[in-house]
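The values are calculated or read from the model by the stated rules, or taken from the named source; none is laboratory data. Since the structure is predicted, the reported quantities are computational estimates derived from the model, not experimental observations. Cβ sites come from the backbone with ideal geometry, for glycine too, and all protein chains shown count toward neighbours. To get the accessible areas, we keep the full protein, side chains included, count just its heavy atoms, and leave off ligands, DNA and RNA. Shrake-Rupley method; radii C 1.70, N 1.55, O 1.52, S 1.80 Å.
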Amino acid sequence: MENYKKLPSMGFAESVKSVLSNLLNFNGRARRSELWWYWVAYAVIAIIVVSLFSGFPMLSGIIGTFLQMSLWAVTVRRLHDRGHSGWWVAVAILTSVFIQFYIAGSGYYEAMSAVNPDIDAAMASLRGPLFPIAGLVSFIVNITIFIFCVLDGKPEPNKYGPSPKYVQPDDYYDMLSSKNEVQQ
């Protein structure tokens, strides 16, 4: 760590721009500020999309899928920054899809969408062993991803590329001088 200089944190606009320029890029590394600022933007955009396009499910679905995939990509890159595989995100996605299909096939929605919902029938449809196991796996995987994303990245290059936050001192001064030349 002593041989590395830390670059300044990314701001909101810079983070969103970085994620949008790497929209479906699952390679490389991402900084914490890039991920978390994009999460803020994602939440705001999701609220706006739901509010404005709730009457157009196809359009809101396309926008939602686009936003979700960009969020997955930046999360994978963030995991790479810690040296972890992006397969954690794939497991989280597959577990979530399994849970949704399980609930849809269990009769839960039918029991709850009746005029007089039958709570006992709805809960009975979820009592099989697969639902709690899938829920536990989903919880563990998502908490693990969250913890990995909160921790600081590794300063040294790893198999996913060089650090986006830490640079060698010579590179740091070169970056500062080139930035100053661009601004002048």
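Here are a few things to note about the model shown:
- Given (1) surrounded by 13 or more Cβ atoms within 10 Å (Cβ to Cβ); (2) not in a helix (DSSP H, G or I), number of the condition Gly128 does not satisfy: (1)
- Subset of the range 64-114 [over 24 Å from Ala41 (Cα atoms), of a type in the set (S, T, N, Q), in contact with a helix residue (DSSP H, G or I) (Cβ under 9 Å, 6 or more places away or on another chain) and surrounded by fewer than 18 Cβ atoms within 10 Å (Cβ to Cβ)]: Ser85
- Test: residue in the range 15-27 that is in contact with a Phe, Trp or Tyr (Cβ under 6 Å, 6 or more places away or on another chain) and closer than 26 Å to Lys159 by Cβ: yes
- Pairing residues of the range 110-124 that are of a type outside the set (Ser, Thr, Tyr) with residues that are outside any helix (DSSP H, G or I), at Cβ distances under 7 Å and at least 6 apart in sequence or on separate chains, gives Ala111/Pro117; Ala111/Asp118.
- Pick from the range 8-41, criterion under 14 Å from Thr75 (Cα atoms) and among the polar types (S, T, N, Q), ranking: most open to solvent (accessible area, probe 1.4 Å): Asn27
- Any hit, the range 90-113, residues being of a type outside the set (A, V, I, L, M, F, W, C), part of a loop (DSSP other than H, G, I, E, B) and closer than 30 Å to Arg127 by Cα: yes
- Residue in the range 42-56 that is open to solvent by less than 80 Å² (accessible area, probe 1.4 Å) and not in a helix (DSSP H, G or I) present: yes
- Residues of the range 145-161 that turn out to be within 24 Å of Ile99 (Cβ to Cβ) and open to solvent by less than 30 Å² (accessible area, probe 1.4 Å), as a count: 2
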